[in-house]
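Have a look at the structure below before the remarks.
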């Protein structure tokens, strides 16, 4: 089993955070609601990804069974955490621009994938 490079995961998380801030900065030109809606969407994707990374990277090593258990638990936690954050935002944050919320989530998720896929 090849052990993934922890720097690769860190780079993916850094790219997610930078992209989220850039999107919110650009959306600030449209108004504060669009900007903070996208930031909440970005956080709804970033915080669970960080949780997943922290749990899984601690189990990198030769014991593939421990890694698989950690990955399954971390993925379940990630899904639950994402749902809880989304519900909390939609219940407590008013006004909220839902399209920009989901745009922030999508941009954050895709930028993380691209950050880990690129070898540069």
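Since every read-out is calculated from the coordinates, none of them should be taken as a lab result. Just so it is clear, the model here is predicted, and its values are computed rather than measured. Counting neighbours? That spans all protein chains shown, and the Cβs are built from the backbone with ideal geometry, glycine included.
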Nearest 10, in degrees from 0 to 90: the angle of helix 64-92 to the longest Cα principal axis of the chain is 10
With the 8 Å Cα cutoff and a minimum separation of six or more residues, the chain has a relative contact order in percent of 44
Here the residues of segment 41-71 lying in the modelled label zone of residue 102, meaning backbone nitrogen under 19 Å from a point 7 Å along Cα-to-Cβ, are 41-46
Nearest 10, in degrees from 0 to 90: the angle of helix 98-117 to the longest Cα principal axis of the chain is 30
In deg cm²/dmol, rounded to the nearest 500, the helical mean residue ellipticity at 222 nm of the chain, built from -39500 (n - 2.57) for every DSSP H run of length 4 or more, is -28500 deg cm²/dmol
A chain fully extended from residue 30 to residue 55 at 0.36 nm per residue, minus the present Cα-Cα distance, gains in nm 5.3 nm
For P(r) over Cα pairs in 10 Å bins from 0, in percent, with candidates (i) 15, 45, 27, 10, 3, 0; (ii) 12, 41, 35, 11, 0; (iii) 14, 39, 30, 13, 3, 0, the value calculated from the shown model is option (iii)
For 33-43, 65-75, ranked highest to lowest by mean beta-carbon neighbours within 10 Å, the order is 33-43, 65-75
To the nearest 10 degrees, the tilt of helix 6-27 (Cα long axis) against the first principal axis of the alpha carbons of the chain is 0
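Summarise the long-distance tail of P(r) for segment 33-100 by giving the % of C-alpha pairs beyond 18 Å.
46
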Distance in nm between residue 79 and residue 64 label points, each 7 Å along Cα→Cβ, equals 2.3
Here the FRET efficiency for residue 14 versus residue 88, based on Cβ atoms and R0 = 25 Å and rounded to 0.05, is 0.50
